[in-house]
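Notes for the one structure printed next.
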Amino acid sequence: MGFDRNPGRDTMPYLRRGSMRISEKERQALRVRHKAWLDKIMAQTGLTLTEIGREAEGINAGTLRTFYTGKGVLSDKVMLAVYKRFGIEPDFDAWFQYRAENDESDITEYAKLCKEYITQVCVQLGIYRKELAQLIELKSDMVFTRLFSGYTPSGLEKTTLIKIKEKSRIPFPPKLAAQMPGSEEHGRIPVVGYLELAAGDEVIFYPDDQINYVEPLANVSAKTGKAIELKGPTVSAILRDGMRIYYNDVPLPVSKDCLNRLCMVQTPEGVTAIKRVTVSSRKGIYNLQSLVDNKITPSALEWAIPLTIATL
């Protein structure tokens, strides 16, 4: 059957949030988006559901009609078959739209980059993970299933990735190449941005191809650790050119650990900055002190992460 009445199955990894399965409410919302996607394909092609099913390789002609009149959701195998045939990408978070930055599961950054690369290869070649396993002559696609289900938190072996690269002729993204076992940067953490001290406290993030890697501090996790560079002249007695700020990239609501400390914060306006956080007299509002000019600004916060400063 081409649709799935049990969204907790491993054949539908995009229905998971870490190790959690989606709720009935989320499943129904996803079903609505699946139907909207099929409506879009019918409108653009002029075909019926039965005709779309007949033209999509590997599924039964009546599969889409059965889904449309039933209560389930489409399986990823069916969606890939339809996508391959008609090239109309769904706008919901299916497995072939995996993004490492959106993955909240407790795995290494390297494992997330492996998942992103597998996704990129499958989409560019127009194949499913099972077919990718066959392409690199694996006995089954279990190695990919375990990766996407969170059972391989350290990521894929380097030899497996090299086989994929050689067979697909799709190069490794720079971030993945830097994190691969045996590479110079393996086990290090990315320097994701910088603070221009003469300009203010806002963090400016580097493009992926400009990210470098450094050794993490003892209290910074190799899984979630990141660093920010400080650049330029400043009148601050604490900050100076050449320092780095280290942190574990786990954004949480403001906690006691953040009060009276230097933190990376994000305001409701979406600005990410480095501030010293203290309480104010208003509930939900914090006083944010600039370490560049000592100016204090009251603001609500989306999240805050305690920081550690170190010299180069």
Fill in: Residue in the range 171-184 that is among the small types (Gly, Ala, Ser), closer than 20 Å to Asp106 by Cα and either at pLDDT 80 or above or surrounded by 15 or more Cβ atoms within 10 Å (Cβ to Cβ) (or both) present
no
Cβ pairs under 6 Å, 6+ apart or interchain, first in the range 266-287 and within 12 Å of Val254 (Cβ to Cβ) and outside the structural domain of Tyr247 (by TED's automatic domain parsing), second assigned to a strand (DSSP E or B) and among the basic types (Lys, Arg), ordered by first then second residue, are none
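Let's see how each residue does on (1) outside any strand (DSSP E or B); (2) buried (at least 17 other Cβ atoms within 10 Å of the Cβ); (3) in contact with a Phe, Trp or Tyr (Cβ under 7 Å, 6 or more places away or on another chain):
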| position | (1), (2), (3) |
| --- | --- |
| Thr234 | yes, yes, no |
| Gly242 | yes, no, no |
| Val250 | yes, no, no |
| Asp257 | yes, no, no |
| Glu269 | yes, no, no |
| Lys283 | yes, no, no |
| Val292 | yes, yes, no |
| Ile305 | no, yes, yes |
Across (1) of a type in the set (Ser, Thr, Tyr); (2) over 12 Å from Cys114 (Cα atoms); (3) in a loop (DSSP other than H, G, I, E, B), Ser154 clears everything bar (2)
Going through (1) buried (at least 18 other Cβ atoms within 10 Å of the Cβ); (2) at pLDDT 80 or above one by one, Leu80 fails only at (2)
The lone condition Gly126 fails out of (1) buried (at least 18 other Cβ atoms within 10 Å of the Cβ); (2) within 30 Å of Glu51 (Cβ to Cβ); (3) touching a Lys or Arg at 6+ places or on another chain (Cβ under 8 Å) is (1)
Considering the range 43-64, residues that are of a type outside the set (S, T, N, Q), surrounded by fewer than 16 Cβ atoms within 10 Å (Cβ to Cβ) and more than 19 Å from Gly126 (Cβ to Cβ), and then whichever is nearest to the chain's Cα centre (by Cα), we arrive at Ala43
Those residues of the range 123-170 which are of a type in the set (D, E, K, R) and under 20 Å from Glu57 (Cβ atoms) amount to Arg129, Lys130, Glu131, Asp141
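The values are calculated or read from the model by the stated rules, or taken from the named source; none is laboratory data. The structure presented is a predicted model; accordingly, all values stated were derived computationally and were not measured. So basically every Cβ, Gly included, is an ideal-geometry build from the backbone, and we count neighbours across all protein chains shown.
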